Every structure is written in C-alpha cells, then in structure tokens.
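Asker: Would you mind keeping the following structure in view while I ask a few things?
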Amino acid sequence: MTKTVEEEDVLRQLERECANVLEASRTLQAKLRDYNDPQDLRTKLKQIEHHGDEIVHGIYQSLNQTFITPFDREDLIGLASGLDSILDMMYASALRMDLYNIHQSTKPMIELSDAIHSSVIELLSAFQLIRDPSKMDAIETKTVEVNRLENVADDLMNNAIANLFESRDPVEILKLKEIYEKLEEATDYCEDVADILNDIVAKTR
C-alpha cells in the first residue's frame with residue numbers, strides 16, 4: 001500500500017488532531033480530580049477546541065485540494081469530524097459545569113472522564129500505526145478496546161442517572177444528567193472514530 005505525499009500529510013494532521021484531543025481529555029481528567037475552578041476548565045478546553053478547529057479546517061482544505069488514495073475521502077472526513085465532535089462534547093460538558101454553577105465534581109464525572117481519556121489514548125495509538133500496513137491487526141485491537149470503553153461509559157452514565165433520582169432536588173438532577181450525557185456522548189464519538197478506522201483496515205486488506 002503506497003501512499004501519496006498528500007495522504008501522508010492528511011494522516012499527520014489527523015494524528016495531530018488526535019493528540020490535541022488527548023490534551024483535552026487529560027485536562028478534563030485532571031481538572032475534575034482537582035475541581036476548584038470550572039470557569040478555568042471551560043476556558044482551557046475552549047482554547048484546545050479552537051486549536052482543534054484550525055487543524056480540522058486544514059484537513060478539509062487538504063482534502064478539497066488533492067485526490068487522496070488509497071484511503072477513501074469520506075473516511076478521512078469522518079475521522080476529522082469524529083475527532084472534532086469528541087472535543088465538542090468535552091467542552092460542552094465543561095461549559096455546563098460552569099454555567100450551572102457545579103461546585104464540585106462527582107464520582108461519575110471522574111469515571112466518565114477516565115473512559116474518555118483511555119479511549120483517546122487508544123485512538124492516538126491507532127493513528128500512529130495507520131501508516132504501516134503490517135500494523136492493521138494492532139489497530140483492530142485498539143478499536144476493540146475503544147468499543148469496550150464506550151460500553152463501560154454507557155453503564156456508568158445509566159447508573160449515575162438512576163442514582164440521581166434518589167435526590168430530592170429536581171434542578172440538580174437535570175443539571176447533572178445533562179453533564180453525564182455529554183461526557184458519555186464523547187465516548188460515542190470515540191467509538192465512531194474507531195469504527196471508521198476498522199473500515200479503513202478492512203479496505204486495505
């Protein structure tokens with residue numbers, strides 16, 4: 001499988017964007033463990049998201065200007081869009097923590113951030129391997145783990161929401177439920193990216 005110079009550039013940009021998403025997940029994970037300034041978390045994730053938008057814009061520009069083979073253009077667009085969506089969901093959760101005056105993080109928030117961070121670590125490893133045709137099996141192993149982590153996050157969210165209804169404060173229930181759903185949605189997008197990587201692996205065999 002011989003790749004063009006243009007494709008190598010797009011793959012490098014996708015890896016850069018995944019590394020940027022990893023910085024966001026690391027920031028979210030750390031700030032939820034030492035939660036004292038939700039506005040600072042929101043600001044930091046917004047900065048990372050803005051940088052990600054620039055990278056994704058560059059990917060789209062490259063794809064619009066070149067004919068990329070052997071990877072399908074739609075797959076590469078899907079990878080860029082999926083990574084962007086992971087960032088969006090992390091920022092959306094931080095935004096709500098700030099706007100809703102959440103004064104302390106909860107165990108489900110921390111556990112969901114762990115699932116997001118672990119998923120992005122696996123995705124970055126997959127992107128680092130994708131240039132090497134001999135590493136396709138290793139990529140599949142990474143994507144299987146991302147799928148497992150999405151199931152873990154789904155269970156975490158469902159259990160956390162169920163536990164919320166033991167509270168007597170309906171406003172607090174609504175606030176936390178929405179935050180949990182945004183965090184879990186980030187892992188859904190991780191799974192979407194993993195699925196596209198699996199499709200690419202299948203097409204290259």
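Values quoted throughout were computed directly from the atomic coordinates according to the rules given, and no laboratory measurement underlies them. These numbers come from a predicted model, not from an experiment. FYI the Cβ positions are ideal-geometry reconstructions off the backbone, even for glycines, and counts take in every protein chain you see.
Asker: Give, as a single signed number, the net charge of other residues whose beta carbon lies under 11 Å from the beta carbon of ASP98, with Lys and Arg counted +1 and Asp and Glu -1.
Answerer: For residues surrounding ASP98, the net value is +1.
Asker: Next up: Please list, in order along region 12-23, the HN-Hα scalar couplings obtained from phi with the Karplus expression 6.51 cos²θ - 1.76 cosθ + 1.60 (θ = phi - 60°), rounded to whole Hz, x for Gly and Pro.
Answerer: Those phi angles translate into 5, 5, 5, 5, 4, 5, 5, 5, 5, 5, 5, 4 Hz.
Asker: Can you pull out the trypsin sites (Lys or Arg not before Pro) in region 109-198 whose DSSP state is coil and whose Cβ has at most 11 other Cβ atoms within 10 Å?
Answerer: Answer by residue number: ARG168.
Asker: Rounded to whole Hz and in sequence order, give me ³J(HN,Hα) for region 101-110 from the Karplus expression 6.51 cos²θ - 1.76 cosθ + 1.60, θ = phi - 60°, writing x for Gly and Pro.
Answerer: 6, 6, 8, 8, 6, 10, 4, x, 4, 5
Asker: Which whole-Hz couplings ³J(HN,Hα) result when phi for each residue of region 43-52 is put into the Karplus expression 6.51 cos²θ - 1.76 cosθ + 1.60, θ = phi - 60°, listed in order with x for Gly and Pro?
Answerer: 5, 5, 5, 5, 5, 5, 4, 4, 4, x
Asker: Continuing with the same structure: Do any chymotrypsin sites (Phe, Trp or Tyr not before Pro) in region 92-197 lie in a loop, going by DSSP, with at most 13 other beta-carbon atoms within 10 Å of their beta carbon, and if so which?
Answerer: PHE165
Asker: Same structure again: Provide ASP137, ASP53 in ascending order of the number of other Cβ atoms located within 10 Å of each residue's Cβ, fewest first.
Answerer: In order of increasing Cβ crowding within 10 Å: ASP137, ASP53.
Asker: Once you charge only the Cβ atoms, +1 for Lys and Arg and -1 for Asp and Glu, what is the size of the charge dipole of the chain about its Cα centre, to the nearest 20 debye?
Answerer: Taking the Cα centre of the chain as origin, the dipole is about 400 debye.
Asker: Next up: Using every alpha carbon pair in region 5-203, what percent of pairs falls into each 10 Å bin from 0 up to the bin containing the largest distance?
Answerer: Whole-percent P(r) values from 0 Å outward: 9, 36, 32, 16, 6, 1.
Asker: Put +1 on the Cβ of every Lys and Arg and -1 on every Asp and Glu Cβ in region 54-205; which of VAL171, VAL152, ALA186 then has its Cα farthest towards the positive end of the dipole?
Answerer: Among VAL171, VAL152, ALA186, the one farthest towards the positive end of the dipole of region 54-205 is ALA186.
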